[in-house]
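Report on the structure given below.
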Amino acid sequence: MSNSLPLRLVLASQSPARRKLLQAAGIEPDVLVSGVDESQVVAERAEDLCLELARLKAQAVSDRLRSTADERTMVLGCDSVLAFDGEILGKPDDAADATRRWERMRGRSGVLHTGHCLIDMAHESRAEAVASTVVHFADVTDAEIAAYVATGEPLAVAGAFTIDGLGGAFLNGIEGDPGTVVGLSLPLLRGLLRDLELSITDLWTKVAPGAQEIGPLG
């Protein structure tokens with residue numbers, strides 16, 4: 001499954017963690033923030049909500065781009081939510097909300113769902129799916145919760161925790177792909193690319209020491 005035109009991946013997300021994850025996997029995306037108002041979208045199931053938001057983000061960015069004859073542009077939208085105790089949790093409203101969540105979550109488990117929507121602008125086609133990972137939270141102390149919330153990190157992420165940052169120390173383990181918790185599942189992305197008759201290796205770039213891009217791989 002090779003591609004005759006150079007591939008361009010546009011990430012419809014301002015998340016540094018998603019971009020870093022792609023870069024670590026040999027993919028250098030362009031970033032264009034969608035501007036979608038997430039608060040206007042509601043759904044009864046976490047899986048439906050994160051996929052609809054991913055779809056809206058990818059479409060919003062795709063609508064602002066133009067296809068060109070010299071490259072094949074792919075737009076990737078992602079969104080994550082935590083299903084916990086019958087609720088759908090996105091980013092906390094404020095520090096007090098983040099504290100209350102951690103007081104409830106500690107010693108228990110939730111499911112982090114990340115929706116992915118990949119749009120192939122050249123062929124006007126798309127592939128989409130949801131990745132889900134069970135997260136087991138540590139029985140953290142009140143002092144640890146207060147210190148973590150004070151850093152500001154949990155205020156910026158779905159579920160009020162990270163796996164690749166300070167919050168990683170407060171997780172006892174996961175069941176599933178850790179990338180899902182970061183906000184982007186590489187195995188799922190590989191599958192979406194295959195659905196569009198592409199290979200994830202088509203997106204690899206050759207990177208010199210210091211992460212300086214020096215040309216396409218192959």
Out of A129, A96, which single residue is over 17 Å from S15 (Cα atoms), free of Cβ contacts under 8 Å to residues at least 24 places away in the same chain and touching a helix residue (DSSP H, G or I) at 6+ places or on another chain (Cβ under 9 Å)?
A96
First in region 140-152 and β-branched (V, I, T), second anywhere and open to solvent by 60 Å² or more (accessible area, probe 1.4 Å) and in a helix (DSSP H, G or I), Cβ under 6 Å, 6 or more apart
T151/L166
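Filter region 67-83 down to the residues that are assigned to a loop (DSSP other than H, G, I, E, B) and free of Cβ contacts under 8 Å to residues at least 12 places away in the same chain and list them by number.
Of all residues in region 67-83, those assigned to a loop (DSSP other than H, G, I, E, B) come to 67, 69-70.
Across region 67-83, the qualifying residue is only A69.
Quick one: would you say A12 is among the hydrophobic types (A, V, I, L, M, F, W, C), closer than 24 Å to L112 by Cα and open to solvent by 60 Å² or more (accessible area, probe 1.4 Å)?
On the way: among the hydrophobic types (A, V, I, L, M, F, W, C): yes; closer than 24 Å to L112 by Cα: yes; open to solvent by 60 Å² or more (accessible area, probe 1.4 Å): no.
Criteria not met by A12.
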Matching residues in region 29-50 (buried (at least 17 other Cβ atoms within 10 Å of the Cβ) and not in a helix (DSSP H, G or I)) number 4
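Suppose the filter is in contact (Cβ under 8 Å) with a residue 60 or more places away in the chain and under 28 Å from V111 (Cα atoms); does G86 pass it? Give the steps one after another, and end with the answer.
Working: in contact (Cβ under 8 Å) with a residue 60 or more places away in the chain: no; under 28 Å from V111 (Cα atoms): yes.
No: the conditions fail for G86.
Here are L5, L9: which of them is of a type outside the set (S, T, N, Q) and assigned to a loop (DSSP other than H, G, I, E, B)?
Numbers: L9 fails: assigned to a loop (DSSP other than H, G, I, E, B).
Going through L5, L9 in turn, the sole match is L5.
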Hits in region 77-95 - residues which are open to solvent by 20 Å² or more (accessible area, probe 1.4 Å), of a type in the set (D, E, K, R) and closer than 16 Å to G183 by Cα
K91
Going through region 53-76 in order, the residues found to be open to solvent by 10 Å² or more (accessible area, probe 1.4 Å) and farther than 16 Å from S39 by Cα are Q59, S62, D63, R64, L65, R66, S67, T68, A69, D70, E71, R72
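The values are calculated or read from the model by the stated rules, or taken from the named source; none is laboratory data. Owing to the predicted nature of the structure, the values given are computational and were not obtained by experimental measurement. Backbone-built Cβ (ideal geometry, glycine too); neighbour counts: all protein chains shown. With ligands, DNA and RNA removed, areas are computed over all heavy atoms of the protein, side chains included. Shrake-Rupley method; radii C 1.70, N 1.55, O 1.52, S 1.80 Å.
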